[in-house]
Amino acid sequence: MNEKPGYWQKRQIEHVKNFVAKAIDEFSLLQDGDRVLAAISGGKDSLVMLDALAEYRKFNRVSFHLEAIHIEVEDVPYQVDKNWLTEWTGQLQVPLHFVTVRAHIEDRGKKAPCFVCSWHRRKTLFEFAKDNNFQKLALGHHRDDAVETLLINMAYHGHISSLPAKLRMFNGRMELIRPLLLLTDNDTRQYAAIKQFPTLINECPYADQTKRTTARQLLQSLREIHPKADANIFHAMQNIDTEYLPQKVNKKDE
């Protein structure tokens, strides 16, 4: 039987709930009447996101319908406890859908396994959301993910872009939303521990073979230089002073 959370645990739970509510308000993520589909990988971040959205729904600040989906990729050895997920989402009163796809990892060519798997998962999420009239697709990315993505895009692709709090897609028929964007990896890790969310049954063998691992290590190095480096980089994305950046001159405008 789970012990009741103590003072520190209660503060952490409220911290996460408050910052999810703050993200929903500041970025206008939800509107009355929205049908929201939450993508649940089985990892801690997506579980925290669904739990927080289910809690937010109780306050009646915005009236929205919430369902969840888990995509199973049958040719990737990544498994979750489906029985636990089904029971847990039932307790949250959130309908859960399981959809199985095949990523054809063996035919990926030179593409990274994570890229191929992610592409098939995302494609399936979009199709399911559109076919079932969901206006919002909620993803469990947090602030650390956004900062890591910025570093990856700058270092590997030469442009400044990251993970927006919301992104309109398919001519505005659907929006991606990220309710955890103001929270850190440590925030979600502590919340998941307090709630005693289970870990994956089988970790994916391709999980660490990505550029994101390198970006995560770089971000940790930056934190050692300045403890607020990650927070400052995140806020810098919202405070871009183009006047003090190198800009190409359009000869026609001279």
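Quick look at the values:
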item: Note, ³J(HN,Hα) from phi for region 146-154, Karplus 6.51, -1.76, 1.60, rounded to Hz, x at Gly and Pro; result: 5, 5, 4, 5, 4, 4, 4, 5, 6
item: Residue of VAL116, VAL16, VAL80 that the Gaussian network model of the chain assigns the largest fluctuation, springs spanning Cα pairs under 10 Å; result: VAL116
item: Amide H contacts under 5 Å for ALA38, placed H, 5+ residues apart; result: GLU67, ALA68, ILE69, ALA138
item: Rounded to whole Hz, the Karplus (6.51, -1.76, 1.60) HN-Hα couplings of region 68-74, x for glycine and proline; result: 10, 9, 10, 9, 9, 9, 6
item: Accessible surface of the chain, 1.4 Å probe, proportion on carbon and sulfur as whole %; result: 50
item: Exceeding the 24 Å Cα-Cα cut-off - candidates LYS22/LYS136; LYS10/LYS211; LYS10/LYS82; LYS22/LYS123; LYS22/LYS130; LYS44/LYS166; result: LYS10/LYS211; LYS10/LYS82; LYS22/LYS123; LYS22/LYS130
item: Estimated dipole of the chain in Debye, rounded to 20 [Cβ of Lys and Arg +1, of Asp and Glu -1, Cα centre]; result: 280
item: Separation of alpha-carbon centers, region 115-132 and region 209-250, rounded to whole Å; result: 29
item: Of ALA54, LEU151, GLY140, farthest towards positive along the dipole that unit charges on Lys, Arg, Asp, Glu beta carbons give the chain; result: LEU151
item: Heavy-atom surface of the chain, accessible at 1.4 Å and reported per residue (Å²); result: 59
item: Under the Debye formula (equal points on every Cα, no solvent term), log10 I(q)/I(0) of region 16-75 at q = 0.12, 0.19 Å⁻¹; result: -0.30, -0.70
item: Choice from LYS123, LYS17, LYS195 with maximal GNM fluctuation in the chain (Cα, 10 Å cutoff); result: LYS123
item: Most mobile listed residue (ARG168, ARG143, ARG121) in the chain, GNM with C-alpha springs under 10 Å; result: ARG168
item: Point-charge dipole on Cβ atoms (K/R +1, D/E -1) for region 1-65, about Cα centre, debye to 20; result: 200
item: For the chain, convex hull of alpha carbons as volume per residue, Å³; result: 177
item: Cα-based convex hull volume of region 48-92 per residue, rounded to whole Å³; result: 82
item: Phi to ³J(HN,Hα) by Karplus 6.51 cos²θ - 1.76 cosθ + 1.60 over region 226-240, Hz, x for Gly, Pro; result: 9, x, 9, 4, 5, 5, 5, 5, 4, 5, 4, 5, 9, 9, 8
item: Length gained when the stretch VAL99-GLN238 is fully extended (0.36 nm per residue, less Cα-Cα span); result: 46.4 nm
item: Hull shadow area, averaged, region 53-177 [alpha-carbon convex hull, nm²]; result: 9.8
item: When region 121-238 is reduced to its Cα atoms, the Kirkwood hydrodynamic radius in Å; result: 16.2
item: Fraction of antiparallel bridges per DSSP, the chain only, in percent to nearest 5; result: 25
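The values are calculated or read from the model by the stated rules, or taken from the named source; none is laboratory data. Model, not experiment: these values are computed from the prediction. Counting neighbours? That spans all protein chains shown, and the Cβs are built from the backbone with ideal geometry, glycine included. Only protein heavy atoms, including side chains, enter the accessible area calculation; ligands, DNA and RNA are left aside. Shrake-Rupley method; radii C 1.70, N 1.55, O 1.52, S 1.80 Å.
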